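What follows is a single structure, written as structure tokens, with notes after it.
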Amino acid sequence: MRRPCSFTPPDVLPNLVETLDKLTTALIREYEIICTEHLKPSNMVKNHRLALNISDAGWGEFIRQLEYKVLWYGRLVSKISPYFPSSQMCHDCGFKNPEVKNLAVRQWTCPNCGEAHDRDENAALNIRREGLVVVGMPNTLNAHGDGVRPANLGDGLRSENHATLVV
């Protein structure tokens, strides 16, 4: 009888830990502030289509290594609340689009300003902006040369309204 693969083989685990170690060290050395979304892998694995991929990614180990290395190098990790609408909010105007809550929607256009978004890139820009706001750097410029904080903050959902951690 064929058994589904539900564990990481013993010969793969050292490679994963070593790869995460090298990646986190490179990130910590290059950036003074690292902004992440405070994801809950235990809740994410309840989606059975994604569970194996999420478990194999080693997200918890990645965050653990980041958190202890920031203390060694004197850096900051800004964790954004899991309730912050990072993928739903337009990074240009701050409009919150509830239609984007569906994970199948990978690309969308903001009905407010007309900006075309890739779901992951838009979320990354929002997480970066929110993480910098949390640590007190709201006037940083984005890749377009514009201010990171949009003029319209959408529904007012900001990390100040949710639990946010700066390590």
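The values are calculated or read from the model by the stated rules, or taken from the named source; none is laboratory data. Just so we're clear, the structure is a prediction, and the values are computed from it rather than from any experiment. No Cβ is skipped: glycine too gets one built from the backbone with ideal geometry, and neighbour counts run over all protein chains shown. Ligands, DNA and RNA are stripped out before the accessible areas are found, and what is left, the full protein with its side chains, is counted by its heavy atoms. Shrake-Rupley method; radii C 1.70, N 1.55, O 1.52, S 1.80 Å.
Scan around Cys35 for amide H atoms under 5 Å from its own, H built in the peptide plane at 1.01 Å from N, and keep only partners 5 or more places away or cross-chain.
Ser78
Search the structure for amide H atoms under 5 Å from the amide H of His117, placed 1.01 Å from N in the peptide plane, and list their residues when 5 or more places away or on another chain.
Trp108, Thr109, Cys110
Please express the Cα-Cα pair-distance distribution P(r) of the range 69-120 as a list of whole percents, one per 10 Å bin, running from 0 to the bin with the greatest distance.
Pair shares across the bins are 23, 41, 18, 16, 2.
Listed highest first by mean packing, meaning other Cβ atoms within 10 Å per residue, what order do 129-135, 82-88, 71-77 come in? The partial results should precede the final answer.
Values: 129-135: 21.7, 82-88: 19.1, 71-77: 13.1.
In decreasing order of mean packing, 129-135, 82-88, 71-77 become 129-135, 82-88, 71-77.
Heavy-atom accessible area of Lys40 with all protein chains present, probe 1.4 Å, nearest 10 Å²?
Accessible surface of Lys40 is approximately 80 Å².
Report the calculated FRET efficiency for Leu76 and Asn112 (r = Cβ-Cβ distance, R0 = 41 Å), to the nearest 0.05. Write down the numbers at each step before the final one.
Numbers: r = 32 Å, r/R0 = 0.78.
Result of the calculation: an efficiency of 0.80.
What net charge do the residues around Trp108 carry, taking every other residue with its C-beta under 13 Å from that of Trp108, with Lys and Arg at +1 and Asp and Glu at -1? Mind dumping the intermediate values first?
Details: positive: Lys96, Lys101, Arg106, Arg119; negative: Asp92, Glu99, Glu115, Asp118, Asp120, Glu121.
Taking every other residue near Trp108 into account, the sum is -2.
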